[in-house]
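The structure appears right after this line, and notes come after that.
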Amino acid sequence: MSISKDIIDEHGITEAEYLEILKHLGREPNLLEIGIFSVMWSEHCSYKSSRPHLKRLPTEGPHVLQGPGENAGVIDIGDGLALVFKVESHNHPSYIEPYQGAATGVGGILRDIFTMGARPVALLNSLRFGTVDHPRTHGLVDGVVAGIAGYGNCIGVPTVGGEVYFHESYNGNCLVNAMAVGVVKRDRIFRGRAEGVGNPVMYVGSKTGRDGIHGATMASDVFGEGGEERRPTVQVGDPFTEKLLLEACLEVFRTDYITGIQDMGAAGLTSSSVEMAGRVGNGIDIDVALVPRREEGMAPYEVMLSESQERMLLVVKKGCEEDVGGIFRKWDLDAVVIGEVTGDGLFRIREGDGIVAEIPVRALTDGAPVYDRPLERPAYLDEVRRLDMAVVEEPADFNGVLLELLASPNICSREWIYSQYDHMVRTDTVVLPGYGAAVLRIKGTNKAFAMTIDCNSRYCYIDPRTGGAIAVAEAARNLVVAGARPLAVTDCLNFGNPERPEIMWQFKECLAGMGEACRELSVPVVSGNVSLYNETSGTAIYPTPTVGMVGLIDDVMLIATQPFKAEGDVIVLIGETRDEIGGSEYLKVIHGLDRGVCPSLDLSLEKGIQSACLRAIGAGIVRSAHDCSEGGLAVAVAESCISGDQGAIGATVK
Amino acid sequence: MKVEIFITLKKGVLDPQGKAVERALKSMGYEDVKDLRIGKLIEMEIPGDSMEGTERKVQEMCEKLLANPVIEDYNFKID
Amino acid sequence: MKVEIFITLKKGVLDPQGKAVERALKSMGYEDVKDLRIGKLIEMEIPGDSMEGTERKVQEMCEKLLANPVIEDYNFKID
Amino acid sequence: MGDKFGIIVFPGSNCDHDCYHVVKHVFGRRAGYVWHKETDLSGYDCIILPGGFSYGDYLRTGAIARFSPVMGEVMDFAERGGPVIGICNGFQILTESGLLPGVLMRNRGLKFVCRQVYTRVENNRTVFTANYMRGQLLKIPIAHADGNYFADDDTLKSLEDNGQIVLRYTDSEGNATEEANPNGSLHNIAAIINRGGNVLGTMPHPERGCESVIGSEDGRGIFESVLEAM
């Protein structure tokens, strides 16, 4: 039965890609094999349009223990400890079902952390919605925030920071980027590798259902007007089962029973088994008949592509199956051997004794197509950079303007959001949400670490290269004003349709700017995610390369927070104030303009300013510090006056 | 008119709460309980007009607010 | 046997969720909605024995676990 | 009596580690985890039911945890007069198991609330509050979606008359106002004890208020008080 043309199209596989598949297999693929190729070669799993440009980001550094290519990045922070962190996007599912889309986004990013052997200790998120008056925005915000709270609070990992941003370019496509950070002993890092031919492959966690089938390719599909019919593919999360899965896995990590582990994320059982085998050049043999199921009559196609949540795949040392099974049963979880590691480099799927699919692992991983998509400088750029200053007359009432800015959706207090997140569980949160970065102490040491997630997408729209560099510089500033030394980056690159040359140009330019800033500020990228096709009926989102960054504080007593502390203290502004108003929040809120020349960024000056600030805080002579971002100096000083919990304190600026 | 609305999860949609309660009942000795699902029961009074008028109103309320069309089904009784 | 259990808040017990939903419906133009209360609908299968046997079991399950006697009433349908 | 704390771990408990840290590292006393399937509490001098989402808070918060094997032992321990502290989810489990009266329902605002709150010590002649002054203001954080304490009028009256209300939500000046009530609890109730005075249920998390580096030390008094009584 050869595969029909429309089945191939429906799987998002192009003519050329189909011919490649024929070459890899030396025969026609069956329906299950087409399904496997379609998810493994989807944009989400293969990064086929972004890989050529991702190569230009720096990923090495003396403290980098694991860079991109694994489930999360790992950096050394001394005292025999390492930080594990990553950011992941769940944009499309959240637009369809906000609560479950956001909740499963949190569940997925947590699994990426503890699959490396680490206990997750913090969650952050970066959310972007349409304008506040857009009919869908209210429902989306409520659902997404409740989903993040519902999942994060239940599993007991504090949600300590993040950002929320409203802009019309996200009217048709909200962004939900979830970041998680974990701590692991340097010598107990686990990796997603199918090591040891003959070792059993064990399925642990919830049973498999039909949810989320083709979630991976859905993420790579452009939403048409009636995007909603994709409903049945939304996954439902169970944070209670994830908590059991977390504790059971942490128990297994204290033993030497396993050689590899990976969570089942996008493309579920398929991507986890293929990627684990691919990393070590082994093959893997799976029998779908052994996979625990939640529904009857599921075809191999459904079992292999299901994205049911809270499931992990383990490679167990031969003979330790019962020991591992015992640990999971203690936590009332399924733990079943469903296959074994082979040496023939093939991904072979059985159903009982019949073979239903057989594909070379390399065809699915290294063999995935790579596209050097055409680039074209967008036409809008020259127009958007023109700003007729005559239109921008000086306001009569500066106080009124400041109050309007402080009340505007992108600057006002986020307390109504983060008070729904348990941000204190685990009693490590030293600096609570509300400032640029959250700070957590490391019990047993007098160190702490700071985390932030940040991006100004308007700068990236009017000048992608400078905007990309500013995204990195601003994230670093957030850490530095807390007194933390920036160490490494995880990025979530949210863009429109890569098949449109101007979007691809935005992507390339943003990454070029990010790469320069990462190199200059010596913060390598150790993990990340690419989310493309964020576009509805031809209108793409603003380029949003969200930057998550982690920094280290050597002495938890020597930190700074945003609020002014005492009368008589001196306010110092470090850096140059240039005559730059392009792309500012002031222009947007007061004059409704999204235009102008993007503020310039002098990376060597930036580096000097950041190290001066760090040295001052380290010398204990700084009580509070704040970076100037949306709303500029006026908003920064105002926020420092009103954000303390001992009531407002005044300030005079000469 | 007394209205009772029953909101249930669509078939195939995972019901973590139902799963946990079923497991608890089994551990309490009720081994033979199967397919336990938990939904919402919404009761209200809508005074006034005809049966069709009320039916149309309840339909609209469920579509717009009370049921999440992505993962829930609804039905109702009016008397 | 197919069992449907209806768990509702006792009269006089505050129902914050019911109040919030009633307010939302009113703001959507359904002014005449009154006394909106939200409860739980628990569906399950109990194979086997007699109607009385099943009834007794369901009664016990509600008394022990499914309903909190301090604030909730329960009733059920078996067919 | 000894000074060993038994911290019960249900599937879904989250604050067990935090309580262990406070007893062991802040107060330097002995602490041990007790898995919910265990049925032997001998060797423990005080039992803590920590915060979290036991059984995912499914059906009702604490409803399923109450049937864990260890709860029978906890009830006996309490009957013998041993001190039992139920924090947040622990308080919910104690009401579901009948060790404490009333019910914790969904917050009035329907949303999860996590922030520092002020509470006033209503009764300092208890095992858990002897180290505080009567009327003392405590800044201790809350983090819950179901902290809306409800009980029928008779129960409320007896709680008030017998001094069983230990902490009440107030504003920063100590007034138990409606605005200062974060979840709608009747009479701004934040923490209560049983008639015998040896079982405490508190929605605010004292273990999150024992170290100034994370914002407050006001919660220390609860542990100090019970340690002196042990």
Please average, across the residues of B:39-50, the number of beta carbons from any other chain that are within 10 Å of each residue's own beta carbon, and give a whole number. 6
Under 5 Å between amide H atoms, partner at least 5 residues away or on a different chain: which partners does A:THR452 have, H built in plane at 1.01 Å? A:MET549
Work out, step by step, the length gained on full extension between A:ILE355 and A:ASP388: first 0.36 nm times the residue separation, then minus their alpha carbon distance; give nm to one decimal. 5.0 nm
Residue-averaged [θ]222 nm for chain A, counting only DSSP H segments that reach four residues, each worth -39500 (n - 2.57): -10000 deg cm²/dmol
Going by C-beta contacts inside 10 Å, put A:SER49, C:SER27, A:SER624 in order with the fewest on the left. C:SER27, A:SER624, A:SER49
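Counting other Cβ atoms within 10 Å, which trypsin sites (Lys or Arg not before Pro) in region A:307-408 have at most 14 and lie in a DSSP loop? Kindly include the intermediate steps, with their values, before the conclusion.
Values: sites: A:ARG311, A:LYS317, A:LYS318, A:ARG329, A:LYS330, A:ARG348, A:ARG350, A:ARG362, A:ARG385, A:ARG386; in loops: A:LYS317, A:LYS318, A:ARG385, A:ARG386.
Within region A:307-408, the qualifying trypsin sites (Lys or Arg not before Pro) (loop, at most 14 other Cβ atoms within 10 Å) are A:LYS318, A:ARG386.
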Using the Cα centre of the protein assembly as shown as the reference point, and only Cβ charges (+1 on K/R, -1 on D/E), how large is the resulting charge dipole? Debye, rounded to the nearest 20. 2140
On the formula 1/(1 + (r/R0)^6), with r taken between the Cβ atoms of B:LYS2 and D:TYR33 and R0 of 51 Å, the FRET efficiency rounded to 0.05 is 0.50
In region C:2-78, with Lys and Arg counted as +1 and Asp and Glu as -1 at Cβ, which of these residues, C:GLY39, C:TYR74, C:VAL21, has the Cα nearest the positive end of the dipole, that is, farthest along it? C:VAL21
Once the label point is set 7 Å along the Cα-to-beta-carbon vector, what list of distances in nm do you get between B:ASN68 and its counterparts in the other copies? 2.2
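For D:58-67, what's the mean count of beta carbons from other chains sitting within 10 Å of each residue's beta carbon? Can you show the working numbers first?
Working: counts 13, 13, 8, 0, 1, 7, 8, 1, 3, 6.
Counting Cβ atoms of other protein chains within 10 Å of each residue's Cβ and averaging gives 6.
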Identify all lysines with a Cα-Cα distance to A:LYS318 below 26 Å; exclude those on the same chain that are fewer than 8 residues away in sequence. A:LYS185, A:LYS207, A:LYS330
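Excluding B:VAL33 itself, what net charge comes from residues whose Cβ is under 15 Å from its Cβ, given Lys and Arg +1 and Asp and Glu -1? Intermediate results must be reported in sequence, preceding the final value.
On the way: positive: B:LYS19, B:ARG23, B:LYS26, B:LYS34, B:ARG37, C:LYS2, C:ARG56, C:LYS57, C:LYS64; negative: B:ASP15, B:GLU22, B:GLU31, B:ASP32, B:ASP35, C:GLU4, C:GLU43, C:GLU45, C:ASP49, C:GLU55, C:GLU60.
Taking every other residue near B:VAL33 into account, the sum is -2.
In what sequence do A:CYS628, D:CYS210 fall when counting other Cβ within 10 Å, fewest first? Can you show the working numbers first?
Working: A:CYS628 17, D:CYS210 27.
The fewest-first ordering by Cβ neighbours comes to A:CYS628, D:CYS210.
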Could you tally up the Lys pairs in region C:2-78 with alpha carbons closer than 25 Å? Skip any pair fewer than 8 positions apart unless they're on separate chains. 26
Between C:ASP35 and A:ASN399, what is the label-to-label distance in nm when each label sits 7 Å out along the Cα-to-Cβ direction? 5.4
In a shell of Cβ-Cβ distance under 11 Å around A:GLU404, excluding A:GLU404 itself, what net charge do Lys and Arg (+1) and Asp and Glu (-1) give? -2
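Ranked from highest to lowest mean number of other Cβ atoms within 10 Å per residue, what is the order of the peptides B:42-51, A:562-571, A:95-104, A:239-248?
Details: B:42-51: 15.1, A:562-571: 12.6, A:95-104: 26.3, A:239-248: 24.5.
Descending mean neighbour count gives A:95-104, A:239-248, B:42-51, A:562-571.
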Under the Karplus relation with 6.51, -1.76 and 1.60 and θ = phi - 60°, whole-Hz ³J(HN,Hα) for region D:168-175, x at Gly and Pro, equal 10, 5, 9, 7, 5, 9, x, 8
Need the full-extension length gain, A:GLU322 to A:SER4, defined as separation in residues times 0.36 nm minus the C-alpha distance. One decimal, nm. 110.0 nm
Got a sec to turn the phi values of region A:133-144 into Karplus ³J(HN,Hα) couplings, 6.51 cos²θ - 1.76 cosθ + 1.60 with θ = phi - 60°, whole Hz, x for Gly and Pro? 8, 5, x, 7, 4, 4, x, 5, 4, 4, x, 5
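Using Cβ contacts closer than 10 Å as the measure, can you line up D:VAL84, A:VAL84 from fewest to most?
Working: D:VAL84 26, A:VAL84 31.
The fewest-first ordering by Cβ neighbours comes to D:VAL84, A:VAL84.
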Please list, or write none, the lysines whose alpha carbon is within less than 24 Å of the alpha carbon of D:LYS4, excluding same-chain residues fewer than 8 places away. A:LYS443, D:LYS24, D:LYS37
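Which net charge results when you count Lys and Arg as +1 and Asp and Glu as -1 among the other residues whose beta-carbon is under 12 Å from that of A:HIS591? Before the final figure, lay out the partial values.
Working: positive: A:LYS588, A:ARG595; negative: A:ASP388, A:GLU393, A:GLU394, A:GLU404, A:GLU585, A:ASP594.
That sum, taken over residues with Cβ under 12 Å, equals -4.
With +1 on each Lys and Arg Cβ and -1 on each Asp and Glu Cβ, how big is the dipole of region D:1-104 about its Cα centre, in debye rounded to the nearest 20? Don't skip to the end; give the middle numbers.
Numbers: 8 positive and 11 negative charges, 28 e Å.
It works out to roughly 140 debye.
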Using each residue's phi in region A:113-128, evaluate 6.51 cos²θ - 1.76 cosθ + 1.60 at θ = phi - 60° and report the 3J(HN,Hα) Karplus result to the nearest Hz, with x for Gly and Pro. 7, 6, 5, 8, x, 9, 8, x, 10, 7, 10, 9, 8, 10, 10, 9
With a 10 Å cut-off between alpha carbons and a GNM built on chain D, which of D:GLU96, D:GLU207, D:GLU160 moves the most? D:GLU160
Return the aspartates and glutamates within reach of A:LYS607: Cα separation strictly under 15 angstrom, same-chain partners fewer than 8 residues apart disregarded; answer none if there are no such residues. A:GLU474, A:GLU516, A:GLU520, A:GLU576, A:ASP627
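Would you please give the FRET efficiency between D:ASP153 and D:ALA130, computed as 1/(1 + (r/R0)^6) with r the Cβ-Cβ distance and R0 = 35 Å, to the nearest 0.05?
Working: r = 30 Å, r/R0 = 0.86.
For R0 = 35 Å, the calculated efficiency reads 0.70.
Summarise the partner chain shielding of B:24-37 as one whole number: the mean count of Cβ atoms from other chains within 10 Å of each residue's Cβ.
Numbers: counts 13, 10, 0, 5, 6, 3, 8, 0, 8, 8, 4, 5, 8, 5.
Other-chain Cβ atoms within 10 Å of each residue's Cβ, averaged: 6.
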Pairwise label distance in nanometres, A:THR131 with C:ASP73, each label 7 Å out on the Cα-Cβ vector: 5.0
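Laboratory data are not the source of any read-out in this text; all were calculated from the coordinates shown. None of the values given here were measured: they were computed from a predicted structure. Every residue, glycine as well, gets a Cβ built from its backbone with ideal geometry; the counts of neighbours run over all protein chains shown.
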